[in-house]
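These notes are about the structure you will find just below.
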């Protein structure tokens, strides 16, 4: 990926799409890349119009409500049982989620 | 056709209170209507006849004991499939959640159950609420009851079509960029996006947390207000829920129904109209402006110059939030798990969690979801963050400043809800940019969190299909959208001699 903060071109290459899909953990095959890459380029070119609309002095808005740190009382409340929490698990074992191997061999 | 399905929720509530019908009878009438027409409309993904009738029987028992749980106790409802429903499948229109049954209720669903509204089923939607036509549902598109070859809007096309086709008197929708209002416009129904934080998001499968808002989908403004008062209000389970009482919405709707707009300042937003809008939609809008003026409103033109950048802003902020939200679908704790295959088509021996995740997300997500995840991943990546996501957040501030200035000049702002009437199924499904333009007029409200309603606004001359008028109010002033919405509705009914939906063609179901 280029390091510049303002890209010179707003198009996106097929290789970049493949890289992003990899980062997003989606196995796109060649046909999907051929299909999606040009569409993403068109979308990016159209939204690039946003460059320079707001000056450096404009503060960013991340949220419609000016809320920070909403807390509740620190008391025990009912939660899901283990059985309920596991009810949608693709695989379970001894009241735990059973998952494929996470670490590489040895 | 059962007469009961033609009545509004308020009329049904009166009929129940007067002992003219029972909840079991009218719930059954709606289940019969679903059985007759949903094969054509496909508004529902799951129908829960047994559960709905059991809830209806409980409602009848409460009423017989003289203790109804709410004004709408016993009036059935349909719920968009993005809301978690304990014991009922919740798919969000996605293969990745096929067959998932949540172990808990969303707060909105919990409140519906507590208020005694039998839940008829879950309605179709674009996958994870990404789309404006329901064509991105993994389970097939919903068809517009006005013309089955056309889209019902989206993402909540199922809820709007269910209400337009008299399959349900009420429905729940969610609106992230227009997904309640735009389907309302193109199906001739009413849709309300409340102030952000006005209705709990707990149990609403998030598309974009800072934009999502659940709200009512109905045939009348009063019905929307009745439903809004049941689902709205503070919820400690949602940290972004507003901790303040709801305005008096039902009172506002009843007040507005007089049609009198004397002293109300109405701002027509210059930037939400003109180029890109269908002439017939604009013509009906202009007529409504004249009707409102005659009813005493003071109509002014207001300019919100940053709104022209709202669409681009939205398509940076939304994918960024969505790509982060949808990372939770990792095939580990719930939902689909697909084992990766090698080039020869056989399952790989001992795949890693990451390989399983990749294969599952490829198989479980549709094209639009993949597009937006990749777009969001791009917008958030280190080299581009400032240029895209950071810039979009700043423009979001400017959009809010435009609203603030506009609401100095006007009590409410109006525009056409959607730039066009319903287009043909298939027409834009593989042209993402054309699809995105449907939300041109609805997106600014989501960026700023202000409330909005879409009210039926007549048929466009070109195609005889419904259009909508959007009314926006300042944050927390949801009562204004009901007051003015009900007035516009009353003025239209007086002008047309009845509600717009009465002009919709009859659906041909199996003979009854």
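Just to be sure before I move on: is residue B:110 surrounded by fewer than 24 Cβ atoms within 10 Å (Cβ to Cβ) and modelled with pLDDT of 95 or more in the structure I sent? It is true that residue B:110 is surrounded by fewer than 24 Cβ atoms within 10 Å (Cβ to Cβ) and modelled with pLDDT of 95 or more.
Checking each residue in region B:111-132 for being assigned to a loop (DSSP other than H, G, I, E, B), touching a strand residue (DSSP E or B) at 6+ places or on another chain (Cβ under 9 Å) and within 20 Å of residue B:417 (Cα to Cα) picks out only B:125.
Yes or no, residue by residue, for (1) over 29 Å from residue B:364 (Cα atoms); (2) out of contact with any strand residue (DSSP E or B) (no Cβ under 8 Å at 6 or more places or on another chain):
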| position | (1), (2) |
| --- | --- |
| A:52 | yes, yes |
| A:60 | yes, yes |
| A:89 | no, no |
| A:95 | no, yes |
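Do we have residue B:4 as within 29 Å of residue B:150 (Cβ to Cβ) and not in a helix (DSSP H, G or I) here? Answer is no for this residue.
Residues in region B:345-380 that are part of a loop (DSSP other than H, G, I, E, B), over 28 Å from the mean Cα position of the chain (by Cα) and more than 7 Å from chain A (Cβ to nearest Cβ): B:345, B:346, B:348, B:349.
Filtering region B:311-344 to residues that are surrounded by 22 or more Cβ atoms within 10 Å (Cβ to Cβ) and more than 10 Å from chain A (Cβ to nearest Cβ) leaves B:318, B:320, B:322. Which of the residues spanning region B:158-186 are assigned to a loop (DSSP other than H, G, I, E, B) and within 12 Å of the chain's Cα centre (by Cα)? Hits for region B:158-186 are B:175, B:176, B:177, B:178, B:179, B:180. No other residue among B:243, B:212, B:260 is under 22 Å from the mean Cα position of the chain (by Cα) and either farther than 25 Å from residue B:183 by Cα or surrounded by 23 or more Cβ atoms within 10 Å (Cβ to Cβ) (or both) apart from B:212. Scanning region A:67-90 turns up no residue that is within 7 Å of another protein chain (Cβ to nearest Cβ), in contact with a helix residue (DSSP H, G or I) (Cβ under 7 Å, 6 or more places away or on another chain), surrounded by 17 or more Cβ atoms within 10 Å (Cβ to Cβ) and modelled with pLDDT of 90 or more. Criterion applied to B:395, B:429 was being within 13 Å of chain A (Cβ to nearest Cβ), at pLDDT 95 or above and not in a strand (DSSP E or B), and the one residue passing it is B:395. Taken over region B:137-149, the criterion of being in contact with a helix residue (DSSP H, G or I) (Cβ under 8 Å, 6 or more places away or on another chain) and outside any loop (DSSP other than H, G, I, E, B) is satisfied by B:144 alone.
Being outside any loop (DSSP other than H, G, I, E, B) and surrounded by 19 or more Cβ atoms within 10 Å (Cβ to Cβ) is a condition met by at least one residue of region B:494-507. For region B:15-40, the candidate set comprises residues that are assigned to a helix (DSSP H, G or I) and over 26 Å from the mean Cα position of the chain (by Cα); within that set, the residue that is surrounded by the most Cβ atoms within 10 Å (Cβ to Cβ) is B:16.
The single condition from (1) assigned to a loop (DSSP other than H, G, I, E, B); (2) at pLDDT below 95; (3) facing chain A (nearest Cβ under 8 Å) that residue B:387 fails is (1). Of the numbered criteria (1) part of a loop (DSSP other than H, G, I, E, B); (2) touching a helix residue (DSSP H, G or I) at 6+ places or on another chain (Cβ under 7 Å), the one residue B:475 fails is (2). Restricted to region B:432-454, and to residues there that are at pLDDT 95 or above, within 12 Å of chain A (Cβ to nearest Cβ) and part of a helix (DSSP H, G or I), the residue that is nearest to residue B:278 (Cα to Cα) is B:444. Taking residue B:292, is it more than 9 Å from every other protein chain (Cβ to nearest Cβ) and surrounded by 14 or more Cβ atoms within 10 Å (Cβ to Cβ)? Here the answer is yes, as residue B:292 does meet what is asked. Within region A:17-37, the set of residues being farther than 17 Å from residue B:369 by Cβ, surrounded by 15 or more Cβ atoms within 10 Å (Cβ to Cβ) and either in contact with a helix residue (DSSP H, G or I) (Cβ under 8 Å, 6 or more places away or on another chain) or more than 10 Å from chain B (Cβ to nearest Cβ) (or both) comprises A:18 only. Among all positions in region B:41-56, there is at least one residue which is under 21 Å from residue B:133 (Cβ atoms) and assigned to a helix (DSSP H, G or I). Annotation: residue B:3 fulfils all but one of (1) touching a helix residue (DSSP H, G or I) at 6+ places or on another chain (Cβ under 8 Å); (2) at pLDDT below 95; the unmet one is (1).
The set of residues from region B:398-410 being under 27 Å from the mean Cα position of the chain (by Cα), more than 7 Å from chain A (Cβ to nearest Cβ) and in a helix (DSSP H, G or I) comprises B:399, B:401, B:402, B:403, B:404, B:406, B:407.
The values are calculated or read from the model by the stated rules, or taken from the named source; none is laboratory data. These figures come from a predicted structure and were not determined experimentally. Every residue, glycine among them, receives a Cβ derived from its backbone with ideal geometry; neighbour counts consider all protein chains shown.
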